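Visitor: Supplied in structure tokens, the structure appears directly below.
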Number of protein chains: 2
Amino acid sequence: MPNIKDVAKKAGVGIATVSRVINDSGYVKKETREKIEKVIKEISYVPNEIARSMTRQRNDIVAFILPNSTHLFFGELLYFVEEELYKYGYKVMICNSSEKIEKEIVYLDMLKNNRVDAVILLTNNDIDQYLDKKLPLLSFDRRFDGVPFVASDNYEGGVLAAKRLIEQGCKKMMFIGDDAQGDSTPVMTEVTKRRLGFLDYIKEKGYPEMINIEYPLGDYIHIPENIHKIINEHPEIDGIFTISDAVACDVIKELENNGRRVPEDVKVIGFDGGRSFLNLGKKITSIGQSPKLIAEAIRRSIINFYKKEEIENQIIPVYFQEGETA
Amino acid sequence: MPNIKDVAKKAGVGIATVSRVINDSGYVKKETREKIEKVIKEISYVPNEIARSMTRQRNDIVAFILPNSTHLFFGELLYFVEEELYKYGYKVMICNSSEKIEKEIVYLDMLKNNRVDAVILLTNNDIDQYLDKKLPLLSFDRRFDGVPFVASDNYEGGVLAAKRLIEQGCKKMMFIGDDAQGDSTPVMTEVTKRRLGFLDYIKEKGYPEMINIEYPLGDYIHIPENIHKIINEHPEIDGIFTISDAVACDVIKELENNGRRVPEDVKVIGFDGGRSFLNLGKKITSIGQSPKLIAEAIRRSIINFYKKEEIENQIIPVYFQEGETA
DNA sequence: GAAAAATGTGGAAACGGTTTTACATGTTTC
DNA sequence: GAAACATGTAAAACCGTTTCCACATTTTTC
């Protein structure tokens with residue numbers, strides 16, 4: 001493959017001149033420029049970005065560590081992040097952790113070696129100690145010490161869900177979700193705030209304290225038996241708010257399998273704002289997060305990384321998404 | 001950030017020796033090795049992968065150009081490709097083209113500059129002329145001249161669908177899908193074979209020739225009105241095979257909106273084998289592609305790229321996936 | 001016990017660019 | 001006519017590695 005020297009030799013100029021043409025910097029005579037451009041085409045020279053990034057000390061690559069790009073919301077977020085960063089000349093490296101802390105750690109190491117320009121972190125694991133704070137880290141929906149973050153307004157999401165259920169006449173409400181409270185080192189995730197917003201609003205309005213159910217979601221393979229048990233232990237429940245649409249879906253199926261109608265007998269609200277493509281059934285009522293707004297926020301932070309500016313945490317609004325289950 | 005020279009100086013050895021320790025190559029005395037390893041830890045040195053890839057002439061990065069990682073099947077394929085390549089030390093760069101040829105071309109250029117080790121191409125656009133055949137290209141479900149490919153056994157998929165519909169007593173069958181036949185430069189995509197397999201089998205069994213409907217899917221935003229029209233113009237149809245589960249979903253919805261029961265009145269078979277997470281309704285009967293097997297095939301080809309071995313095209317089996325719509 | 005082989009080490013070139021420095025022209029300006 | 005400035009080039013230094021080669025030391029072999 002031809003390099004810059006080949007171009008220079010063939011055009012009869014110095015490599016600096018070629019470099020100036022490529023980078024459109026400094027003074028180059030018009031004829032010289034044209035001659036060089038012609039040679040570049042002729043021998044189909046392409047600058048080696050690897051060599052370039054060595055001296056430039058950046059490579060325009062951003063890594064996104066997330067549990068699973070197959071999960072609908074994460075997948076959409078990934079899509080918008082890629083689209084948004086593309087506009088600004090960045091490429092996105094995808095790192096599926098499958099929620100496994102070991103894979104996250106390996107990736108974090110790899111990325112350090114690769115000198116990526118930024119790492120977007122989406123995890124529920126307690127990896128604080130493995131985070132090299134000198135790395136350009138950015139987290140979504142999670143606070144780590146010294147790491148700027150972007151998050152949905154999860155608390156408000158919980159409030160919106162509670163409001164709706166109460167409006168619809170619910171009296172006994174329940175939250176179903178796993179927000180990593182069971183870990184040996186409990187961390188207050190952003191996601192926990194969904195539950196808190198929900199709880200606070202219900203308390204404020206004088207309704208009976210909700211029942212808080214946590215169960216291990218594991219690797220996004222939901223366990224219907226688990227939900228079955230929960231539902232049957234609490235037949236008085238008439239309103240359910242779940243941690244995600246995926247869980248809501250399992251809950252609704254299980255309710256209907258047990259002869260409880262949704263939304264007539266029990267109302268169910270999910271979280272994420274699922275734009276399901278293959279849904280032949282009811283549309284899930286949900287609290288929506290906007291992957292597009294989140295992606296824009298992430299992009300803003302990453303641009304600021306580059307400018308070495310102070311990076312502010314950003315909270316992105318959520319919205320109530322009408323559906324047929326609450 | 002410390003570099004290899006800093007390590008060499010601090011350890012009182014030459015950089016070549018440090019390199020040997022890092023890469024575990026050549027001869028190094030045990031004590032020398034230990035001393036160097038100690039220094040590496042002390043100054044927390046990490047090798048710069050960018051510089052490394054310059055001399056190694058490879059960077060262990062594979063790019064995946066695909067229309068949209070949000071599309072369920074593509075998303076799953078991406079997930080498995082990432083997982084599979086991760087095992088072999090590769091990182092995956094994701095490039096959503098949104099089906100836009102311009103974005104594909106820009107990405108192809110970018111990737112050439114970045115000297116990625118391989119480019120996985122998943123596209124329906126006619127980009128043959130823009131493909132630099134010197135690049136380590138690999139395509140999925142699409143044949144380009146001189147580019148090795150991996151594809152599902154699409155023809156067999158069509159056959160399986162036809163078989164099932166006939167078994168279920170269908171007499172008038174229809175194919176719905178857009179396989180880029182309308183383009184100015186018609187290309188025979190792998191996907192077209194789904195239709196051909198379907199058609200051939202129906203003909204062979206002496207059933208009336210199926211009606212072949214093509215409509216523009218556009219950017220994966222399906223147009224219900226379009227489907228509405230198709231369905232009402234052909235009320236005699238009792239069996240439908242669609243290009244994907246996503247289209248099948250739209251078709252089923254539209255059929256039911258028009259008072260035709262699925263599968264009682266019309267049977268519908270999709271393609272992809274949709275593992276929908278948020279589906280509260282019927283499970284779509286489908287011809288399944290295995291993203292895992294495909295990912296493994298892709299990985300095999302990529303490994304062979306590296307070994308400079310001849311790369312064979314690979315056809316991956318499809319399977320019938322039982323559902324509730326046919 | 002000398003030659004041959006194995007082991008151990010460092011300097012320098014190479015990878016393919018960017019940036020800096022030094023210098024050579026040509027054009028104004030006073 | 002010399003100083004100041006603009007325009008352009010060549011050569012060298014640098015980025016952080018790997019690799020080749022030369023050389024030194026130790027161990028094995030006959």
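The values are calculated or read from the model by the stated rules, or taken from the named source; none is laboratory data. All values derive from a computational prediction rather than experimental measurement. Glycine gets a Cβ as well: all are built from the backbone with ideal geometry, and neighbour counts include every protein chain shown. With ligands, DNA and RNA removed, areas are computed over all heavy atoms of the protein, side chains included. Shrake-Rupley method; radii C 1.70, N 1.55, O 1.52, S 1.80 Å.
Visitor: Which of (1) farther than 27 Å from residue A:67 by Cα; (2) more than 11 Å from DNA strand C (Cβ to nearest atom); (3) within 11 Å of chain A (Cβ to nearest Cβ); (4) surrounded by 18 or more Cβ atoms within 10 Å (Cβ to Cβ) does residue B:52 not meet, given it meets every other one?
Guide: For residue B:52, the exception is condition (2).
Visitor: Inside the range A:61-77, can you point out the residues that are closer than 22 Å to residue A:286 by Cα and more than 7 Å from chain B (Cβ to nearest Cβ)? Even if it seems obvious, please write down each step before you answer.
Guide: Restricting attention to the range A:61-77, the residues satisfying the condition of being closer than 22 Å to residue A:286 by Cα are A:67-77.
Scanning the range A:61-77 gives A:67, A:71, A:73, A:74, A:77.
Visitor: Among the numbered conditions (1) facing another protein chain (nearest Cβ under 9 Å); (2) within 11 Å of DNA strand C (Cβ to nearest atom); (3) under 38 Å from the mean Cα position of the chain (by Cα), tell me where residue A:25 comes up short.
Guide: (1)
Visitor: Within the range A:85-107, restricting attention to residues that are farther than 15 Å from residue A:61 by Cβ and crowded, with 20+ Cβ neighbours inside 10 Å, which residue is farthest from the other protein chains (Cβ to nearest Cβ)? Give the derivation first.
Guide: Taking the range A:85-107 and keeping what is farther than 15 Å from residue A:61 by Cβ, we get A:87, A:96-106.
Then drop every residue that is not crowded, with 20+ Cβ neighbours inside 10 Å, which leaves A:96-97, A:104.
Numbers: A:96: 5, A:97: 10, A:104: 12 Å.
Among those residues, the one meeting the criterion is A:104.
Visitor: Determine the pairs where a residue that is free of Cβ contacts under 8 Å to residues at least 40 places away in the same chain, located within the range B:30-42, has a partner that is open to solvent by 90 Å² or more (accessible area, probe 1.4 Å) and away from DNA strand D (no atom under 15 Å from the Cβ) with Cβ atoms under 6 Å apart, the partner being 6 or more residues away or on another chain.
Guide: none
Visitor: Within the range B:274-326, work out how many residues are more than 19 Å from the chain's Cα centre (by Cα) and not aromatic (Phe, Trp, Tyr). Outline the logic, then answer.
Guide: So in the range B:274-326, the residues more than 19 Å from the chain's Cα centre (by Cα) come out as B:277-285, B:306-310, B:320-326.
So of that shortlist, the ones also not aromatic (Phe, Trp, Tyr) come out as B:278-285, B:307-310, B:321-326.
So the answer is 18.
Visitor: Could you check the range A:217-326 for helices (runs of 4 or more DSSP H) lying wholly inside it with 3 or more residues that are buried (at least 17 other Cβ atoms within 10 Å of the Cβ) and within 12 Å of chain B (Cβ to nearest Cβ)? Don't jump to the end; show me each part of the working.
Guide: Numbers: elements: A:224-233, A:245-257, A:291-306.
Because the criterion is at least 3 residues that are buried (at least 17 other Cβ atoms within 10 Å of the Cβ) and within 12 Å of chain B (Cβ to nearest Cβ), the helices (runs of 4 or more DSSP H) in the range A:217-326 that meet it are A:245-257.
Visitor: Do the conditions hold for residue A:45, that is, is it more than 16 Å from DNA strand C (Cβ to nearest atom), within 14 Å of chain B (Cβ to nearest Cβ) and open to solvent by less than 50 Å² (accessible area, probe 1.4 Å)? Show your work before the answer.
Guide: Numbers: more than 16 Å from DNA strand C (Cβ to nearest atom): no; within 14 Å of chain B (Cβ to nearest Cβ): yes; open to solvent by less than 50 Å² (accessible area, probe 1.4 Å): yes.
It is false that residue A:45 is more than 16 Å from DNA strand C (Cβ to nearest atom), within 14 Å of chain B (Cβ to nearest Cβ) and open to solvent by less than 50 Å² (accessible area, probe 1.4 Å).
Visitor: Taking the condition at positive phi and either in contact with a His (Cβ under 6 Å, 6 or more places away or on another chain) or among the small types (Gly, Ala, Ser) (or both), does residue B:281 pass? Talk me through it step by step, then tell me what you get.
Guide: Working: at positive phi: no; either in contact with a His (Cβ under 6 Å, 6 or more places away or on another chain) or among the small types (Gly, Ala, Ser) (or both): yes.
No, not satisfied.
Visitor: Run residue A:104 past the list (1) more than 18 Å from residue B:69 (Cα to Cα); (2) free of Cβ contacts under 8 Å to residues at least 24 places away in the same chain and report the number of the one that doesn't hold.
Guide: All conditions are met except number (2).
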